[in-house]
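J.: One structure is given below, represented as structure tokens, and several questions about it will come after.
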Amino acid sequence: MALRNIIYSDNELLRKISKPVVEYNERLWQLLDDMKETMIKGDGVGLAAPQVGVLKRVVIVDVNNMFLELVNPEIIKAEGNQYNVEGCLSVKGISGYCNRPLNVTVKAFDRFGKPFMISGTDLLAVCLCHEIDHLNGKLFTDIMVEEYKPKNKNNNQNSKK
Ligand code: NI
């Protein structure tokens, strides 16, 4: 595994639409392994391939001690609403309140090309939506309703994606 460089919101690659994965090969596995290492180093709860400059539809999430790799993920069901603070490893120094579905169901493929479904609620739902948005060139700041300004900078509980 190797650390990859995270790119930031001034980089136009983050605004591009990522391409579907067609080959489930060693290159994909290397990307997934590198993304995991990069996310852990950044203390994030999720990461999308465009955040490391790779325009492929690949995301990882790490919520509630559950680590997931999702290739070509697609939200097939979304319901309810939640309003929570989000941050992003690619957006430095800003976090803020966004509306997201409370529950989502996502169809995706694992690293070997085997299809699976995952349903998530609360933070997992937020994280899945946030990462899939990255694949479509969207950042949470696009839908942010209000910036979150912690009184104590050291007490910022929000998680980075
Ligand atoms: Ni993000």
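The values are calculated or read from the model by the stated rules, or taken from the named source; none is laboratory data. What you see is a predicted model; the values in this text were computed from it and never measured. Cβ atoms come from the backbone with ideal geometry, glycine included; neighbour counts cover every protein chain shown. Just the protein is used for accessible areas: all its heavy atoms, side chains included, with ligands, DNA and RNA removed. Shrake-Rupley method; radii C 1.70, N 1.55, O 1.52, S 1.80 Å.
J.: Relative contact order (percent) for the chain, with alpha-carbon contacts under 8 angstrom and 6 or more residues of separation?
T.: Across the chain, relative contact order equals 26 percent.
J.: Please give me, ordered by residue number, the GluC sites (Glu not before Pro) of the range 91-161 that lie in loop per DSSP and have at most 12 other Cβ atoms within 10 Å.
T.: none
J.: Related question: Hey, how many Å between the Cα centroid of the range 93-148 and the Cα centroid of the range 1-79?
T.: 12 Å
J.: Would you kindly find the accessible area of LYS149, with a 1.4 Å probe and non-protein molecules such as ligands, DNA and RNA excluded, rounding to the nearest 10 Å²?
T.: The accessible area of LYS149 comes to roughly 150 Å².
J.: With a 1.4 Å probe and all protein chains in place, put VAL58, VAL145 in order of accessible area, largest first.
T.: Greatest to least solvent exposure: VAL145, VAL58.
J.: Here's something else I'd like to know. Please give the helix 26-41 orientation as an angle from the longest Cα principal axis of the chain, in degrees from 0 to 90, rounded to the nearest 10.
T.: 20 degrees
J.: What list of ³J(HN,Hα) values in whole Hz, one per residue of the range 114-123 in order, does the Karplus curve 6.51 cos²θ - 1.76 cosθ + 1.60 (θ = phi - 60°) give from phi, with Gly and Pro shown as x?
T.: Ordered by residue, 3J(HN,Hα) equals 8, x, 8, 10, 9, 10, x, 10, 6, 4 Hz.
J.: Can you work out ³J(HN,Hα) from phi for every residue in the range 124-133, in order, using Karplus 6.51 cos²θ - 1.76 cosθ + 1.60 and θ = phi - 60°, giving whole Hz and x for Gly and Pro?
T.: Those phi angles translate into 5, 5, 4, 5, 4, 5, 4, 6, 5, 4 Hz.
J.: Can you give the translational diffusion coefficient of the chain in µm²/s, computed by Stokes-Einstein from the Kirkwood radius over Cα pairs at 20 °C and 1.002 mPa s?
T.: Answer from the Stokes-Einstein relation: 137 µm²/s.
J.: In Å², and per residue, what accessible area does the range 12-147 have when probed at 1.4 Å with the other protein chains present?
T.: 48 Å²
J.: Would you please classify the overall shape of the range 1-61 from the alpha carbon gyration tensor, given that a ≥ b ≥ c denote the square roots of the eigenvalues, rounded means a/c under 1.5, and beyond that prolate means a/b larger than b/c while oblate covers the rest?
T.: Because a/c hits 1.5 or more and a/b fails to exceed b/c, the range 1-61 counts as oblate.
J.: Just reorder ARG111, ARG4, ARG27 by solvent-accessible area, largest first, 1.4 Å probe, all chains present.
T.: Ranked list, largest accessible area first: ARG27, ARG4, ARG111.
J.: With charges set only on the Cβ (+1 for Lys and Arg, -1 for Asp and Glu), what does the dipole of the range 12-147 come to about its Cα centre, in debye to the nearest 20?
T.: 400 debye
J.: Restricting to bridges with both residues inside the range 12-147, how much of the DSSP beta-bridge set is antiparallel, in percent to the nearest 5?
T.: Counting DSSP beta bridges with both partners in the range 12-147, the antiparallel share is about 95 percent.
J.: Cut-off 10 angstrom, C-alpha nodes, Gaussian network model of the chain. Which of GLY113, GLY46, GLY93 fluctuates the most?
T.: GLY93
J.: For the range 22-77, what is the relative contact order in percent, using Cα pairs closer than 8 Å and at least 6 residues apart in sequence?
T.: 23 percent
J.: Still on this structure: Give the lysines whose C-alpha is closer than 24 Å to that of LYS92, dropping any in the same chain fewer than 8 places away, or say none.
T.: LYS16, LYS36, LYS41, LYS56, LYS138, LYS149, LYS151, LYS153, LYS160, LYS161
J.: Rounded to the nearest percent, how much of the accessible area of the chain (1.4 Å probe, protein heavy atoms only) is carbon and sulfur?
T.: 48 percent
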